[in-house]
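For reference, the structure discussed in these notes is given below.
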Amino acid sequence: MASEEKVSVRLLRAELESWRPFIEALRLEDRQVARAMMERCTRYAEAMEASGKEYLTEPFFLSVLLMQEKQVAGLEAELERLREEVEAWKRSRAGS
């Protein structure tokens, strides 16, 4: 299993390396975000390899979408929590 993971990570790193010219052509702030995004994709290396795709580009983009979806869900949950907090504060102020 450990050797399989190393193969997955190696393949993923090669795919990510192929995107280097694109990343380097971005503006600084975009470049920083893109590099962080690429690094986070290594979490999904085994799943990408398990996809059976000869090239990892499609699984890479799916992992990016998954990361973004998780982030959006987390932000939505935080927003809902804050809304509830504001409503509770309003109720407490109305009762004062």
remark   = Residue hits (the range 38-55; of a type in the set (A, V, I, L, M) and surrounded by 15 or more Cβ atoms within 10 Å (Cβ to Cβ)) are Met38, Ala45, Met48
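Would you check if there is a residue in the range 40-57 being farther than 23 Å from Lys70 by Cα and among the hydrophobic types (A, V, I, L, M, F, W, C)? Even if it seems obvious, please write down each step before you answer.
Keep residues of the range 40-57 that are farther than 23 Å from Lys70 by Cα, which gives 52-55.
Next, only the ones that are among the hydrophobic types (A, V, I, L, M, F, W, C) stay: none.
No, the range 40-57 has no match at all.
Rule-based calculations on the coordinates, nothing more; no lab input. Predicted model, so just to flag it, every value in this text is computed and none were measured. All Cβ positions, even for glycine, are placed from backbone atoms using ideal geometry, and neighbour counts span all protein chains on display.
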